[in-house]
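See structure below.
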Amino acid sequence: MEVLVILVPLALVLGLAGLAAFLWSLRSGQYEDLDGAAWRAISDDD
Amino acid sequence: MTMQATRDFSHYVKDLGSGLKHIDLAVEGVSCAGCMAKIERGLSALPDVTLARVNLTNRRVALEWKQGTLDPARLIDRLAELGYKAYPFETERAEVKEAEQSRFLLRCLAVAAFATMNVMMLSVPVWSGNVSDMLPVQRDFFHWMSALIALPAAAYAGQPFFRSAWSALRVRGVNMDVPISIGVILALGMSLVETANHAEHAFFDAAIMLLTFLLVGRFLDQNMRRRTRAVAGNLAALKAETATKFVSAEEISVVPVAAIQPGDVVLLTPGERCAVDGTVIDGRSEIDQSLITGETVHVPAEQGTQVYAGSLNMSGSLRVRVSAAAEGTLLAEITRLLDNALKARSRYMRLADRASRLYAPVVHVTALVTVLGWVLLGASWHDAIVTGVAVLIITCPCALGLAIPTVQTVASGAMFRAGVLLNAGDAIERLAEADHIVFDKTGTLTLPELEVTNAAEIPADLFSLAGRLALSSHHPVASAVAQAAQAKSPLVGAVEEPGQGVRAELDGVEIRLGRPSFCGAEALAAARADVDPAASIVAFSRRDEKYLFAVRQRLRPDAEAIIAALKLRGIGTEMLSGDREPAVRAAAAALGIAKWRAGVTPAQKIARIEELKRQGRKVMMVGDGMNDAPSLAAAHVSMSPISAAHLSQSTADLVFLGKPLAPVLAAIDFARKALHVMRQNLLLAIAYNALAVPLAIAGLVTPLIAAAAMSGSSILVMLNALRARSVGRS
């Protein structure tokens, strides 16, 4: 079970990477206009 | 008037440096993905525009362009060509702060959610290990890892609660955040001590999960407030009206009203709404003061006539000197009444506040009694304190914190789809309580635009000819004729005679549209006036063929049905109008409103609302005029159409869009449903406590039970909130 000493921190690092990605997306203003973003995803141009 | 005014928007333009300029515009009528693409493509096509981005949530457009030849006014013109009315917009300090606060809460939520998930990953093995074969050293390792995640995460994500609790305690008060903060800190501290002593149970998971659920509630609440503030901000931008000011005897410039000083002279063209109070110094026209007094009959204006902000100039150009003293004008009087009424309303206490005021003392007393009780029963201080902390964790108002914001979010979304914008955060609760509606007539029960009522009496070819002729006139009544005829191409060589009408020559025959006297149709007009005294008459003549158009405000198409539906729901209806008696009587009869009064002043409207309040009624006021603003503020809850005077719109709790009156009914239905679901949610949260607290007091709560109970009740409350999306058909 010594492998836990590696696996648990590894799981944590992966979780932290997800958190960092979320904080980055928040900082870059991707949550400023959720109504608009919903439509932009399915619009044809750009 | 051939003078061309320049428009000055430099006040709103921001310099971004490196040759780029930025402006924010509030846009009316952006509601769909189609509008978004149309606006962005239309504006990006302009040379030098580097960015055009619509925000559908706020209904605003952010624009950037290369400094140089492009005039910001051109952007607004372009939007007008695309069919959207836009206003330069200045973000308020308060709104910037709310946006910052909302981002902070989202960051806290992200951290707390991350920590909860990872602590759970460690807790589940411990829970199952405790009943099977986990080694104590492994359990300690998992507990220490949990502490490593939970402690820094709680220190960061708990800030909103710790700060608010601290500021309450500093003024010797207690709010909902005090038991939350104490619960979280004690739970974490106790778990740390227990972990150091190799204990079986630690509550890191419960503490951080509690923060996560509470932050969801906080964030939704904040988001709702931010949304309503954005609506309010846009309405305030519309308020930033412009006026055409004489900068010298011959030269005019369009400036924001804020830049107008008493003593300035402004130009009022036909069809323009006056933005200032003042006195006419030159020109002759008729003005429509229905927005101010509710009176639909036009008043002649000439040198010396007083005009008020909100009056619509009908026929001729006027020069108006802005009143030196704003005191004593009608607008100042209305503002004064408004201030008094608003002060009275701010005392309303929200359901959530009432619930939390009761909650904190009960929680603390229960925890204390538990600790003392166990000590008296002979338990050790250690065990007694552990049990007390478990009580604190279990009673923390996790579901309670979600009960109301989730419903508000769902209900405001449903109202938005029904064409209702919320302008005040607590409007839903107050609206649900309304049991008596006072309607204004002009512009509220009637449509704001003028319509031709006797189109069927006029031959189709002459109607369309009159419509094309009407395109050459600025007179609002003529515009109604043009619109009714769906005229597109104006007649070549049409001449407008100010205050009289328009004439043109077609195949050698003169045709005229205007006053009955201008067209030689006085006799016809006199006969018509007896039939329908409330209508404005415009005459049309081609040689001996003479016809009259009766133009008036029409009732909203579904007004009668909506009034009937309101009655079915047991809501009293009443009409108070500033208009003359015959017009009000006719509208009341058509709609089936039994109680009505005509010729009512703003002060009398307030007096009537106060009288109803004394009778124990919760009064809802629906009105649009400047004269309605004080009574909108005095009522328990208020609503305005989007076409209302800006002062009224920004005072109203809710604003509805479109021609039908149906949004008024929909808003009431949704609000009633929402209040019902909110109460249900509070009951669910309390029922959960009633079940779990005895367990906690008895010392039977393990971390597993705490986590299951907390997430179970929160999810139940959130699912129940979704029911506020729809109302039953009746």
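Laboratory data are not the source of any read-out in this text; all were calculated from the coordinates shown. Nothing here was measured: the structure is a model prediction, and the numbers come from that model. Cβ: placed from backbone, ideal geometry, glycine included. Neighbour counts: every protein chain shown.
Observations
- Measuring nothing but how far apart in sequence close Cα pairs (under 8 Å, 6+ apart) lie, relative to its length, the stretch B:1-90 scores a relative contact order of 36 percent.
- Three principal axis extents describe the C-alpha atoms of chain B; from largest down they are 109, 64, 49 Å.
- Counting Cα-Cα pairs of the stretch B:84-227 in 5 Å increments starting at 0 gives whole-percent bin shares of 2, 10, 16, 17, 16, 12, 9, 6, 5, 3, 2, 1, 1, 1, 0.
- Fewest-first sequence of B:S253, B:S638 by Cβ atoms within 10 Å of each Cβ: B:S253, B:S638
- B:V655, A:V13 arranged by Cβ crowding within 10 Å, fewest neighbours leading: A:V13, B:V655
- Placing +1 on the Cβ of every Lys and Arg and -1 on the Cβ of every Asp and Glu, with nothing else charged, gives the protein assembly as shown a dipole about its Cα centre of roughly 1580 debye.
- Counted by neighbouring Cβ atoms within 10 Å, the residues B:H298, B:H475, B:H436, B:H382 run from fewest to most as B:H382, B:H298, B:H436, B:H475.
- Working note: Karplus 6.51/-1.76/1.60 with θ = phi - 60° gives the stretch B:550-563 the couplings 9, 10, 7, 7, 9, 5, 4, x, 9, 4, 5, 5, 5, 4 Hz, where Gly and Pro are set to x.
- Overall form of the stretch B:504-636 per C-alpha gyration tensor (a/c, 1.5; a/b vs b/c): prolate
- Sorted largest first, the principal axis extents computed over the alpha-carbon atoms of the stretch B:448-554 equal 35, 29, 27 Å.
- Summed residue charge, Cβ within 12 Å of B:A199's Cβ, Lys/Arg positive, Asp/Glu negative: -3
- Taking amide H positions as modeled 1.01 Å from N, with prolines and chain starts lacking one, the residues under 5 Å from B:T573 and 5 or more places away or on another chain are B:I437.
- On Cα atoms only, tilt of B:662-697 relative to the major axis of chain B in degrees: 10
- For the protein assembly as shown, the pair-distance distribution built from all alpha carbon pairs, in bins 20 Å wide starting at 0, is 14, 38, 30, 13, 4, 0 percent.
- Relative contact order (percent, whole number), the stretch B:448-554, Cα cutoff 8 Å, 6+ residue spacing: 28
- Under 20 Å from the Cα of B:K66 - lysines, other chains or at least 8 residues apart: B:K14, B:K21
- Axis angle, to the nearest 10 degrees, between helix A:4-27 and the longest C-alpha principal axis of chain A: 20 degrees.
- Applying 1/(1 + (r/R0)^6) with r as the Cβ-Cβ distance of B:S167 and B:L368 and R0 = 30 angstrom yields a FRET efficiency of 0.80.
- Net charge over other residues, Cβ less than 13 angstrom from the Cβ of B:A487 (K, R count +1; D, E count -1): +1
- Segment B:D530-B:C32, length gained on full extension (0.36 nm per residue, minus Cα span): 174.6 nm
- Over 20 Å (Cα to Cα) - which of B:K441/B:K567; B:K488/B:K659; B:K38/B:K85 fall in this group: B:K488/B:K659
- Converting phi to 3J(HN,Hα) with the Karplus coefficients 6.51, -1.76 and 1.60 and the offset θ = phi - 60°, the stretch B:266-279 yields 10, 9, 10, 8, x, x, 9, 8, 6, 9, 10, 8, x, 10 Hz in sequence order, with x at every glycine or proline.
- Length released on extending from B:Q67 to B:L46, taking residue separation times 0.36 nm less the Cα-Cα span: 6.2 nm
- Just so you know, the Cα atoms of the stretch B:615-730 work out to an Rg and Dmax of 21.1, 64 Å.
- Taking 0.36 nm per residue of separation and subtracting the Cα-Cα distance, full extension of the segment from B:L719 to B:E522 would add 64.1 nm.
- Percent of C-alpha pairs per 10 Å bin in the stretch B:1-90, short distances first: 17, 53, 26, 5, 0.
- Structural descriptor for chain B: relative contact order 13 percent, calculated from alpha carbon pairs under 8 angstrom and at least 6 residues apart.
- Helix B:177-196 vs. chain B, principal-axis angle (Cα, 0 to 90°, nearest 10): 30
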